[in-house]
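Below: one structure, written as structure tokens.
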Amino acid sequence: MDFTFSEDQLLFQESVKDFLVNEITPEKIRELWETDSGRSPELWAQLAELGLTGITVPEDFGGLGMNALDFVLLAQECGYVALPSPLVHTAMVAVPLIVSSGNDSLQQTWLPKIAAGEAVVMVGLEQNVFVEDAHIADLMILEKAGVLYAVDPKSATLRANESVDPSRKLFAVEFDEAAAEKLAEGESARQLIAGALNGGALGTAAEALGLAQRMVDISVQYTSERKQFGVAIGTFQAVKHHMANIAYRLEYAKAPAARAAYAIDHAQDNVDMAVSHVKLAACEVANLAAKNCIQVHGAMGYTWEVDLHIYMKRAWAYANTWGDAAFHKQRVADYVLAGDAKLGAGNTF
């Protein structure tokens, strides 16, 4: 069996990477910090022109009809540039939730707009205290006491909350259930919430892998230029060990990301465990990258002027987004320690 990504998937990833690296520079990110919204409508329009806003939207609604396994490579590239845009949220959370809802009106109204880049839909679950990008949302789908509601942002009260990452825009949202449209409750809502949680966790995990790679690349370049005792510090064995300890963990975390995406696409019984596995592995390596890359930068690694902190702070934030380590460790333990757990070759993979 061939478990590798196809040539088309890899070429698509490369083309998206080229675009993002050229457009989303550290200088551009810093510029957006100074704006009121922290977001660029021009960037969103460019993403839509490339078809990325509608990548998981079914073709019947104007999208590309691709799935999580197709997008997981692109999500890593979004993380690599610390993308200041809700693209991953759109592809992995909002669109799959709307598609799975079975609500024809919701689908007909919003999916074509999302695909065209004309609307932003944000999902807020009780697992996350705050709703990201609520200030630019055209529609919010919010969980309250296990019930899902479609909420018009204009009718809700938004209270901004500062994040450790200046690029993340977080809001506490209050709304009147009576004035909102009830989308699902009971078992139907539970399944939709579980799917949205897994999509969000996988999306942030994939981004965390990209963040780790970017921090390594920044540090390798720095250590090849920074000299001590007349030689580049990157030649010192201790510095090499710091980077190597990140590199091998990063490679080991990539396969679980693809495995979790496959489990989501095929609604496998072990999807919760697969998603939690990669969320833990990816966030652990991203946090290790932040620690070790600060170490090789010395005191400069902590300063505002060095670009490293842009990616480091996003990694810290993602560690507690869509479930913290304790939550995901518990889900893995529940699966592995169950009395009827099917483990080993032929079952785990």
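The values are calculated or read from the model by the stated rules, or taken from the named source; none is laboratory data. All values reported here derive from a predicted model rather than from experimental measurement. Note that we place each Cβ from the backbone using ideal geometry, even for glycine, and neighbour counts take in every protein chain shown. Surface accessibility is based on the protein's heavy atoms, side chains included, excluding ligands, DNA and RNA. Shrake-Rupley method; radii C 1.70, N 1.55, O 1.52, S 1.80 Å.
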**OP:** Select from the chain the helices, each a whole stretch of DSSP H, whose alpha-carbon atoms run 30 Å or more along the helix axis and whose Kyte-Doolittle mean is at least -1.0; answer none if there are none.
**Re:** 186-225, 237-265, 271-297
Original post:
Hey, can you rank 284-292, 3-11 by average C-beta count inside 10 Å, highest first?
Top reply: 284-292, 3-11
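How much of the pair distance distribution for segment 10-153 lies past 25 Å, counting alpha-carbon pairs only, in percent? Walk me through the intermediate numbers first.
Working: 2680 of 10296 pairs.
Of the Cα pairs, 26 percent sit more than 25 Å apart.
Once neighbouring chains are kept in place and the probe is 1.4 Å, which whole percent of the accessible area of the chain is contributed by carbon and sulfur? Please list the in-between numbers first.
Working: 8620 of 16510 Å².
Heavy-atom surface of the chain belonging to carbon and sulfur, 1.4 Å probe: 52 percent.
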**OP:** With a probe of 1.4 Å, find how much accessible area segment 10-95 has per residue, and write the answer as a whole number in Å².
**Re:** 40 Å²
**OP:** Compute the length gained on full extension between F327 and S15: take 0.36 nm times their separation in residues and subtract their Cα-Cα distance, giving the result in nm to one decimal.
**Re:** 108.8 nm
**OP:** Would you mind checking which residues have amide H under 5 Å from L183's amide H? H placed 1.01 Å from N; only 5 or more apart, or other chain.
**Re:** L148, Y149, A150
Original post:
With each label point set 7 Å from Cα along the Cα-Cβ vector, what nm distance links T4 and A317?
Top reply: 3.6 nm
Original post:
If you project the alpha carbons of segment 32-105 onto the principal axes, what extent comes out on each, in Å, largest first?
Top reply: 40, 28, 20
Subject >> Other-chain or far-sequence residues with amide H under 5 Å of T53's (modelled H) >> reply: A48
Original post:
Where the convex hull is taken over the Cα atoms of segment 83-137, what is its projected area averaged over directions, in nm²?
Top reply: 4.1 nm²
Subject >> Expected-Rg normalisation [2.2 N^0.38 Å, Cα atoms] applied to segment 64-221 >> reply: 1.05
Subject >> segment 147-209: C-alpha gyration tensor shape, a/c 1.5 cut-off, then a/b vs b/c >> reply: oblate
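Kindly rank 318-324, 77-83, 66-72 from highest to lowest mean number of other beta carbons found within 10 Å of each residue.
Packing order, densest peptide first, comes out as 77-83, 66-72, 318-324.
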Original post:
So how do 35-43, 337-345 stack up, highest first, on mean other-Cβ count within 10 Å?
Top reply: 35-43, 337-345
Subject >> Over the chain, relative contact order from alpha-carbon pairs under 8 Å, at least 6 apart, % >> reply: 16 percent
**OP:** Hey, can you grab everything whose amide H is under 5 Å from the amide H of G124? Only 5+ residues off in sequence or another chain; H modelled, so Pro and N-termini drop out.
**Re:** I141, L142, E143
Original post:
Ignoring ligands, DNA and RNA, how do H89, H266 rank by accessible area with a 1.4 Å probe, largest first?
Top reply: H266, H89
**OP:** Compute the accessible area per residue over segment 98-224, keeping the other protein chains in place, probe 1.4 Å, unit Å².
**Re:** 42 Å²
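For every helix of n ≥ 4 consecutive DSSP H residues, a contribution of -39,500 (n - 2.57) applies; sum these over the chain, divide by its total residues, and give [θ] at 222 nm rounded to the nearest 500 deg cm²/dmol.
My calculation for the chain gives -17500 deg cm²/dmol from helical runs alone.
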Original post:
Cα gyration tensor of segment 14-64, axes a ≥ b ≥ c as square roots of the eigenvalues: rounded (a/c below 1.5), prolate (a/b > b/c) or oblate?
Top reply: oblate
**OP:** Along Cα→Cβ, 7 Å out, is where each label goes; now give me the distance between the ones at Q295 and S100 in nm to one decimal.
**Re:** 3.9 nm
**OP:** Evaluate the distance, in nm, between pseudo-label points positioned 7 Å from the Cα of A267 and of D176 along their respective Cα→Cβ axes.
**Re:** 3.7 nm
